[in-house]
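Note sheet for the following structure.
The values are calculated or read from the model by the stated rules, or taken from the named source; none is laboratory data. Small disclaimer: the values here were computed from a predicted structure and weren't measured. All Cβ positions, even for glycine, are placed from backbone atoms using ideal geometry, and neighbour counts span all protein chains on display. To get the accessible areas, we keep the full protein, side chains included, count just its heavy atoms, and leave off ligands, DNA and RNA. Shrake-Rupley method; radii C 1.70, N 1.55, O 1.52, S 1.80 Å.
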Amino acid sequence: MMKKITRRDFLRGSAAGIAGAFFGTAMPLSALASEDSGYQTTYGDKIFDDVTITVEIFDRSNAPEGSTVVDNKWVDYVNQEMNKVGITVDFVAVPRSEESTKIQVMMASGTAPDLILTYDQNLATSYYEKGGLTILNDYVDGEDQARNIKEYVTEETMDACRADNDELWGIAAKRDNTIQSNLFIRKDWLDILGMDVPETVDELYEVLKAFKEENPGNVDNLIPFLSTYMGYCSYSVMAGAFMTSVSDETEFNIRSYRPVYADDGYTEYLRFLNKLYNEGLTDPEYYTYISDSTQIAAVVASGRVGFYEGGFNDNLAANKGSVLQTLRAANPDAEFVSIPPLQSVNDGEQYNWSYESNGAYLLIPKTCKNVEAVLTYLDWQGTRDGGYVLANGFEGEHYELEDGIPVVIDTEYNAEDLDWIRYDIFLLGNGTYFESEELNMQTYAKKFVGYEDYVIDNFENGSAGTCMVVPAYVSETQGTNSTEITLVMDENHVKCITCGTDEFDTAIDTYRTAMGKAGMEQVIEERTEYFS
């Protein structure tokens, strides 16, 4: 397995082009934590004297009737538990769609909540680089400090917010699942045709041709192949079967950003997509909806797609159209299942993709007047009475325990009562409450009653082979020229897939030349210097 490049590694590189200008001169280095700092941040170790802290919460305009995101049963529960140690939590609603802008304005004006969160690594590190954040070593690193935070998040994930000089500038939320994506296929169509699950690119091509020619599902407007990653230049499971850099850690770290420029194998991946397009093996108008998750979900759930690349649980997830469940309603024999990554055309190995273990950044601005209380609140979230309840609800009301696994009693009730807010109020875990990989997988599977085995297969296939994490490092030119590079991608990527087969070489040369002029040559030089 390839090395994971953490946010700590990122901070060793240049932050030019990503840092904001609202904090003035960076803070001087602070003394690191000592055992006798005197701060108590483990929940229950200290009773505060009626302290109020402010905490950001995303407002998605989805609160049940009679509630708001800052006034509901879960806010009441938080304060019931925090009042036991003399803390009151005052939530500050920030529209999810305006989160970055709103918080930047608050940070600049000194009015930010005591605890803010962001999924944007560039934004988080820019706050630190410009000295806008409280350095947390004195509050966290002592043996008896923040014990529940450290046990839950783990040292590896904590280091995502630890700079090269060991300053701890935030708390990283632990991602409950690091699997990124999967390949899915209509297994019932394969069975009708008497064909096996494809293991190589060539075998997949033969399957796609058979889907088109035989139409085993007898559907209108059949789409043999579709990938949610066709709309932009990036790594994907399918691309990994072609890319040449994936077998060498250093080369991969250098070339994984917009790989069309520096990985010749990615060009062959685009050539393959071009071949599928010209032979009618993908949707001729895929580019009209491929960037719209709602539309692509509707297309896949329509039952017209034979092979699909998407999120790791996209054959079952409600936000992707509950594909298999919908198919089964019309055809009980339908099977839309995940499969392992295809073997590389270069070395025969399987390559997969993983997210880093951290999924969000929890930050305490310098304007916070009681850091101890804020960290005590986060520490409570690492407990069973804290994060576990916020993520799963109450036993007997939202779930029953089966072999230690919380099994939902009424999915519709939970959707209305809990699910609308649990991801935004449970901050320490970026997703469900994580206790172990095995237990988390089983817990996740139990949410899909009758489809548990499919979920387990999705976990196994999404983590099969060599799992790579794209490094978080952002070079100076990469940050400065990101808009220009993205514009070139937008103008050329679709052209390379939809042009005539005899036009492909010209189109790809134009694409790569334009990327070089937009700064990719400098990006590769900077990444080579950094990773070599």
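Between 0 and 90 degrees, rounded to the nearest ten: what's the tilt of helix 264-278 against the longest Cα principal axis of the chain?
The angle comes out at about 60 degrees.
For region 409-532, build the charge dipole from Cβ charges (+1 Lys, Arg; -1 Asp, Glu) around the Cα centre, then report which of GLY429, GLY516, GLY500 sits farthest towards its positive end.
The Cα lying farthest towards the positive end belongs to GLY516.
Which percent of Cα-Cα pairs in region 389-499 sits in each 5 Å bin, short to long?
The calculated distribution, bin by bin, is 2, 9, 13, 15, 13, 9, 9, 11, 10, 6, 2, 0.
So if R0 is 25 Å, what FRET efficiency would THR200 and SER97 give, r being the distance between their Cβ atoms, rounded to the nearest 0.05?
For R0 = 25 Å, the calculated efficiency reads 0.05.
TRP353's amide H: which non-local residues (gap 5+, or another chain) put their own amide H closer than 5 Å, with H modeled 1.01 Å from N in plane and none for Pro or chain starts?
Here GLN180, SER181, MET468 satisfy the definition.
Given Cα pairs under 8 Å that are at least 6 residues apart, what percent is the relative contact order of the chain?
Computed over the chain, the figure is 24 percent.
Would you mind checking the pairs LYS73/LYS446; LYS150/LYS447; LYS320/LYS517 and listing those with alpha carbons more than 31 angstrom apart? Before the final figure, lay out the partial values.
Working: LYS73/LYS446 25 Å; LYS150/LYS447 28 Å; LYS320/LYS517 38 Å.
Violating the 31 Å limit, Cα to Cα: LYS320/LYS517.
What whole-number value in cubic angstrom gives the convex hull volume per residue for the C-alpha atoms of region 167-292?
Value for region 167-292: 164 Å³ per residue.
Which order do you get for VAL246, VAL219 if you rank them by accessible area with a 1.4 Å probe, largest at the top?
Output order, biggest surface exposure first: VAL219, VAL246.
Give me the mean projected area, in nm² to one decimal, of the convex hull enclosing the Cα positions of region 32-105.
7.1
Could you tell me which GluC sites (Glu not before Pro) in region 92-175 are loop residues by DSSP with no more than 15 other beta carbons within 10 angstrom of their beta carbon?
Sparse-neighbourhood loop GluC sites (Glu not before Pro): GLU143.
Per residue Cα convex hull volume for region 439-532, in cubic angstrom?
199
What are the radius of gyration and Dmax of the chain, computed over its Cα atoms and given in Å?
24.5, 75
Rg over Rh of region 235-373, using C-alpha atoms and the Kirkwood radius, what does it come to?
Ratio value, two decimals: 1.09.
Quick one: compute a quarter of the convex hull surface over the Cα atoms of region 39-173 and quote it in nm².
Working: hull surface 36.8 nm².
If you wrap the Cα atoms of region 39-173 in a convex hull and average its projections, you get 9.2 nm².
Which value in deg cm²/dmol, rounded to the nearest 500, describes the helix-derived mean residue ellipticity at 222 nm for the chain, given -39,500 (n - 2.57) per DSSP H run of n ≥ 4 and division by the residue count?
-10500 deg cm²/dmol
Mind jotting down a quarter of the surface of the convex hull over the alpha carbons of region 147-202, in square nanometres, one decimal?
Numbers: hull surface 29.1 nm².
If you wrap the Cα atoms of region 147-202 in a convex hull and average its projections, you get 7.3 nm².
Taking every pair of alpha-carbon atoms in region 333-461, what share in percent sits in each 5 Å bin, from 0 to the bin with the longest distance?
2, 9, 14, 18, 16, 14, 10, 7, 5, 3, 1, 0, 0
Just to confirm a number: summing +1 for Lys and Arg and -1 for Asp and Glu over residues other than THR134 whose beta-carbon lies under 12 angstrom from that of THR134, what do you get?
Within the 12 Å Cβ shell, the charges total -2.
What are the radius of gyration and Dmax of region 107-246, computed over its Cα atoms and given in Å?
When restricted to the Cα atoms of region 107-246, Rg and Dmax are 24.2, 67 Å.
With the Cα gyration tensor of region 215-277 in hand, convert its eigenvalues to equivalent ellipsoid semi-axes via √(5λ) and list them largest first in whole Å.
The answer is 28, 10, 10 Å, longest axis first.
Please list 205-211, 326-332, 378-384 highest first by mean number of surrounding beta-carbon atoms within 10 Å per residue. List each step's numbers first, then the result.
Working: 205-211: 19.3, 326-332: 13.1, 378-384: 22.9.
Packing order, densest peptide first, comes out as 378-384, 205-211, 326-332.
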